[in-house]
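Written below as structure tokens is the structure these notes are about.
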Amino acid sequence: MSVRDILYHPVSGKTNNLLLFIIALIPAFVLFPFPASVFSNGIDPPLAWVFNYLIQGKLSLGKNIIFPHGPLAFLMYPLPISSNLWIAISVHLAARIFLAYSLLKLATRKPPGYMVLALVSACTMLAINDLLLTIVQIIILCYLNFFERRNVLWLIPALVITPVTLYIKAFAGIVSLVVTLSFAGIMVYRTLTGLESRYRLLLFLIVPVIIPFLWILLYGDLNGFSGYLKGMLFLAADNSSAVAVYPINNWWITGIALFSGLVLILINLKNTTLVRYTILVGPALFALWKYGMAREDYLHTSMMFIFILFIVLIYHVLSAKFRIVNILLTAVVVVMFYLTLQKAYFFEPFHIRANGVQNLVIKAFNNKYFADTCNQSSERLIARNKLDKNIRDMIGDQSADIYPWDYSYIAANNLNWQPRPVIQSYASYTRELDELNAMHFQSDKAPEFLIWELRKITHDIHGGALESIDGRYLLNDEPETLITLFSRYELAASQKGTFPVFVYQKRKETLEAKTSIAGRTVARWNTWIDVPANSQDILKAMVELKRNTTGKLLSFFYKDEATYVYFLLANGDIRLYRIVPKNASYGLWINPLILNPELGKNEPLVRKIMFSCSNPGMMKDEINIKWGRVSFSKTDKSPGSKIPVKNPFYAFFGITENIHSVVILASNNSLEEKTLFWSSPGETKIFKTGRNKRLNLLPGDYSVSFEYPLDSLLLENEPNGYIVRTGVWAQAMPGAKAVYVISLEMNGKSLIWKAVDIQAFIHNQHMMNFITNYSILENEFLLQKGLVQKVYALNTGKFPVLLDDFSVRIETR
């Protein structure tokens, strides 16, 4: 068999390729969304700087980075650094032109109406696609064109692009590999049935050859290659418990969409082309479903919706003829999934602009001015992260890293960056990833300095500075790495002000951490668990939270249930944080539970904990806890001898153990009896369950209210002012709406009014859930006379809400 026989199988019919190419240029350019060319502070925005910085001759610096973004991630959000921006724009335009051309080519042997549909489909996709979806769609179209035209040259782009995508972003690379594996399965079947030459299967060797070849091209050798692949597998593992968010879905809408899609497939089972297409895209669609419905915010869910829209449009292009039933079913699928998309967090309508040519021309002909403007804008956006001169002088040219994630500090201060493998703490959601960072800080590659940002873009419901993403506690993100930092680094400086930071430097003498077992406990969900007695060590809990069979199925087809831990403090306050079960299994942080280390005060210890879940029916009832105490020591002069060292935690965060907040007032209202500073509920609003009383808050009603005059507060020696903390336990159905309010008032008018949505805390509608709110009282407000602090709940919806056990604390910060 000749090379020609392998690469080309001619069929009848010719196409004017030049005309198709010209037509493809029009939507590709006109609908071109010029990439954002600036970056700012935060979690995701600094990643633009990170990968543009690394690609500029510093790739070896990021050789060991294991992150959802790969070394070619600068193509996703290029900056006007050197030629980065125009390289990326060229890649974007080439991909968009190829997408439109491939789609038009797919319709060339069909009636003219299909060409119109293909053009409309191309315009639609190019108007809302990003680079990653464009690449995945190109791969699918290449395989479809091969089946249509029997020209193996269509396979080469797909088989080359697939491994390249793995170096842009893990998600897109995995979806591309899934599509290619689906296509390979179809080809193997066709080979076994005699429809394909077995020699064509050799072309699939392109993928495993290019993957390591690209690594060598980027880094010069294969060192670190296996680690990168393993890291991608860790990141692609079932991480829905770590990153999932849970908006209120209308499952009737989503169910109708899924059912309509299934019916569409079933009624077209006699159409071989459509069946083959379903097999090709089905696994990728499932991957996009998991991607979009796990992290159910607009960014992720919109990618799922766009891919679904692409699938149904191509479904019609491939159809042998227009069928009303197909049109109706696909319309239902698209409309219902769009309604599902609207339920996602931070939803916004698609913005379609047709000024791509104008943007390209203006910015190309004024490139220097455009680049300077973008760079100046980026500098202004990250200026808040400028470090004090004494800190910059102390660090100098020595290596530094940022914790937990805002790398605009590196750019704003021109620091000598030494990155760790998992460059943002929240992404270390497995022990293997955590260990990579821990080993990095134990190695010679560890940076000399570590800048710890305290005021982050995330919001802690308790007003703390040690929050992570999605309501998690930062010290639970990567337990082993944190212990390593306590052992290897010490506080060298701190920056006060609006954006405080701690600066750590390597210890001259490394401490050794040792974990000893302090006991075991078998517990149940929603039950308070006693914490082992206080000691000077760090107390952690190794917690086994296991799914049952139903929960495993739900996790596979949808996502994990959200899991939480409640902390009951010695002063009666309650803290609530979401946890990642995989991290909790080897190191859930218990004591000391510090919220605001920048204030330098010791905080109450945890006395009890309780685990809760959005649906305990998906989990095994039994929770096994192994308590661990982490102690520290240093090497004695005598060989093999160790000297115990005081827990370095407090010194690490600059906390003075004998300084505590002063409690001004602590008030609890269980509704059982009249309580000072609280109004009395009407008896008709009390709901009794046994001896317990709960307040049935009806639509439009106010709850019992707390009122406390603030004139008695003393301002001396309270530079940080005061904080009001309040909580209540609530039970509500998904459609209920209510707010829990803290109001600082004078003469009946609110000076400060802060409300939290009760529904945001209802993770289990069948149980009572803890709602918390806080407000900081600045000293300038308290200089006024006649101030009254109020706390109350208001039902703003159409369904009742049950409330119980109100609490209010006022204390110094």
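Below are the figures for this structure:
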read-out	value
Test for Ile279: is it farther than 30 Å from Ala562 by Cβ and open to solvent by 60 Å² or more (accessible area, probe 1.4 Å)	yes
Check on His316, more than 30 Å from Met733 (Cα to Cα) and assigned to a helix (DSSP H, G or I)	yes
Residues within region 71-129 that are among the aromatic types (Phe, Trp, Tyr) and more than 23 Å from Phe51 (Cβ to Cβ), tallied	3
Given (1) of a type in the set (A, V, I, L, M); (2) open to solvent by 10 Å² or more (accessible area, probe 1.4 Å); (3) closer than 25 Å to Lys58 by Cα; (4) assigned to a helix (DSSP H, G or I), index of the condition Ala172 fails	(2)
Ala730 under 30 Å from Lys546 (Cα atoms) and touching a strand residue (DSSP E or B) at 6+ places or on another chain (Cβ under 6 Å)	yes
Set Lys58, Lys105, Lys63, Lys110: member being among the charged types (D, E, K, R), more than 15 Å from Ile306 (Cβ to Cβ) and open to solvent by 50 Å² or more (accessible area, probe 1.4 Å)	Lys58
Subset of region 326-353 that is outside any helix (DSSP H, G or I) and hydrophobic (A, V, I, L, M, F, W, C) - its residue that is least open to solvent (accessible area, probe 1.4 Å)	Ala344
Every residue from region 544-567 that is over 12 Å from Met619 (Cβ atoms), open to solvent by less than 30 Å² (accessible area, probe 1.4 Å) and not charged (D, E, K, R)	Val565, Tyr566, Phe567
Residues within region 113-141 that are open to solvent by less than 20 Å² (accessible area, probe 1.4 Å), in contact (Cβ under 8 Å) with a residue 60 or more places away in the chain and either touching a Pro at 6+ places or on another chain (Cβ under 8 Å) or not β-branched (Val, Ile, Thr) (or both), tallied	11
Candidates Gly292, Gly261, Gly224, filtered to the one that is in contact with a Ser or Thr (Cβ under 6 Å, 6 or more places away or on another chain) and not basic (Lys, Arg)	Gly292
Test result for Met303, open to solvent by less than 20 Å² (accessible area, probe 1.4 Å) and touching a residue at least 12 places away in the same chain (Cβ under 8 Å)	yes
Residue in region 680-698 that is outside any strand (DSSP E or B), in contact (Cβ under 8 Å) with a residue 40 or more places away in the chain and either within 37 Å of the chain's Cα centre (by Cα) or closer than 20 Å to Thr772 by Cβ (or both) present	yes
Residue in region 206-214 that is free of Cβ contacts under 8 Å to residues at least 12 places away in the same chain and either surrounded by 20 or more Cβ atoms within 10 Å (Cβ to Cβ) or β-branched (Val, Ile, Thr) (or both) present	yes
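The values are calculated or read from the model by the stated rules, or taken from the named source; none is laboratory data. Bear in mind the structure is a predicted one, so any value in this text is a computation, not a measurement. So basically every Cβ, Gly included, is an ideal-geometry build from the backbone, and we count neighbours across all protein chains shown. When the accessible area is computed, the model is the full protein with side chains, heavy atoms only, and any ligands, DNA or RNA have been set aside. Shrake-Rupley method; radii C 1.70, N 1.55, O 1.52, S 1.80 Å.
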